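> Below is a structure I'd like to ask you about.
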Amino acid sequence: MAREPWELAFSAEPRDVAGLRRVVRLHLKSWGLPRQIEAAQLCVSELVTHVIRHVGVGAPTSLRLSMNGTYVRMEVSGPRGLSEAASTSTTSEAESDRNLIVVSGIADRWGVLAGVDRKVTWCEIATDLTTPHGHSGGMRVMRAEEMISRYRAVASPRPINVSRLASVEARDVVTEMIADLLCWTEAHGYDADDVLDSAQVRFDALA
């Protein structure tokens, strides 16, 4: 799964924080990272509020989402406030800033990159990925990927041998296959209930 960096420029307004949270949710869901959504939303809220507090409402700001290895990285860039520009230490500022204290308690790692005129405050949240473009979900998702790969390899329908499994065993196998596919669905950012509803509609149409 390709997880390309994404960036949005905006004016820091308190009323826009909710919209930024929705954007983060949509992107992480499309990246197949639903477990990181809540923490990422909280971090973005605090980082943007930090800009509003120190620079002011309407400050030109940008939000960048990317992958740093197997970590989700969020960067909020904005102008340095007057008090910040006068300070030579961003460490002391971070230690006393409520928003950054909250971020430090949520994120796995974070930091501040201060330039002459602008400052980037960043944080990263760990995932359960093994590679930056891999899939989460463990063995079930891996099995589902294999099933899908085999399915796609079938160019045209052909006769198959009927399984000799007992009916109860066969039902259990089918149940496991469906559970694997639902895990794959969630790992790719889709809603499992929506997929089940669509499958039911198609199944009913076959009757």
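> Return the residue satisfying two criteria in turn: it lies in segment 28-69 and is among the charged types (D, E, K, R) and more than 26 Å from Leu182 (Cβ to Cβ), and of such residues it is nearest to the chain's Cα centre (by Cα). Write out each step before concluding.
Filtering segment 28-69 down to residues among the charged types (D, E, K, R) leaves 29, 35, 38, 46, 53, 64.
From what's left, more than 26 Å from Leu182 (Cβ to Cβ): 46, 53, 64.
Working: Glu46: 17, Arg53: 27, Arg64: 13 Å.
The selected residue is Arg64.
> Check Ser83, Ser92, Ser11 and return the single one that is surrounded by fewer than 14 Cβ atoms within 10 Å (Cβ to Cβ), at pLDDT below 95, touching a His at 6+ places or on another chain (Cβ under 9 Å) and assigned by TED's automatic domain parsing to the domain that holds Lys119.
Only one candidate passes the filter, namely Ser83.
> If you don't mind, there's one more thing I want to ask. Looking for something over 27 Å from Val141 (Cβ atoms), out of contact with any helix residue (DSSP H, G or I) (no Cβ under 8 Å at 6 or more places or on another chain) and not acidic (Asp, Glu) - is there at least one such residue anywhere in segment 38-46?
No, segment 38-46 contains no residue that is over 27 Å from Val141 (Cβ atoms), out of contact with any helix residue (DSSP H, G or I) (no Cβ under 8 Å at 6 or more places or on another chain) and not acidic (Asp, Glu).
> All but one of (1) touching a Phe, Trp or Tyr at 6+ places or on another chain (Cβ under 7 Å); (2) loosely packed, with under 15 Cβ neighbours inside 10 Å; (3) charged (D, E, K, R) hold for Arg3; which doesn't?
Status for Arg3: all satisfied but (2).
> Also: Within segment 113-133, track down each residue that is surrounded by fewer than 17 Cβ atoms within 10 Å (Cβ to Cβ) and under 23 Å from Arg73 (Cβ atoms).
Listed by number, the residues that qualify are Leu113, Gly115, Asp117, Arg118, Val120, Ala126, Asp128, Thr130, Thr131, Pro132, His133.
The values are calculated or read from the model by the stated rules, or taken from the named source; none is laboratory data. Remember, predicted model here, so these are calculated numbers, not experimental data. Don't worry about glycine lacking a Cβ; one is built from the backbone with ideal geometry, like all the others, and counts go over all protein chains shown.
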